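Chemist: Can you read through this structure? Questions will come right after.
The values are calculated or read from the model by the stated rules, or taken from the named source; none is laboratory data. Quantities reported herein were computed from a predicted structural model and do not represent experimental measurements. Because the Cβ atoms are built from the backbone with ideal geometry, glycine has one as well, and the counts that use them run over all protein chains shown.
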Amino acid sequence: MSVEFGKVLGRLGLRRSSGSTGICFDNAMAESFFGTLKNERVSRVTYLIREAARQDITRYIEFWCNRKRLHSDIGYRPPQEVHAEHARLRISA
């Protein structure tokens, strides 16, 4: 499967983003995010159907994680605030 995936990426002119085996730093932020999502939301809710899970998780990410939850990697600020600041700086530059 990995070889086939690599061939598809090559045909599309893309390269893999993962590092060497055993190097955890490539996906540390993603692992942290999904661990937090599981602990703070998914493990506390029973979803009867997949669509209910999709809607609830989307709301959680959009309205809590992105707008209110403080993230240590970006100076204990919400991502939406950091994104808005970045956009303002780009416009003024």
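Chemist: What is the residue count in the range 9-43 for residues that are touching a Phe, Trp or Tyr at 6+ places or on another chain (Cβ under 9 Å), closer than 30 Å to Phe63 by Cα and either at pLDDT below 90 or not hydrophobic (A, V, I, L, M, F, W, C) (or both)?
Modeler: 2
Chemist: Next question. Go through the range 65-93 residue by residue and tally those that are surrounded by fewer than 14 Cβ atoms within 10 Å (Cβ to Cβ) and either hydrophobic (A, V, I, L, M, F, W, C) or under 22 Å from Tyr47 (Cβ atoms) (or both).
Modeler: The qualifying residues number 7.
Chemist: While we're here: Among the numbered criteria (1) more than 16 Å from the chain's Cα centre (by Cα); (2) exposed (fewer than 11 other Cβ atoms within 10 Å of the Cβ); (3) modelled with pLDDT under 90, which single criterion is violated by Gly6?
Modeler: Unmet for Gly6, out of (1) more than 16 Å from the chain's Cα centre (by Cα); (2) exposed (fewer than 11 other Cβ atoms within 10 Å of the Cβ); (3) modelled with pLDDT under 90: (2).
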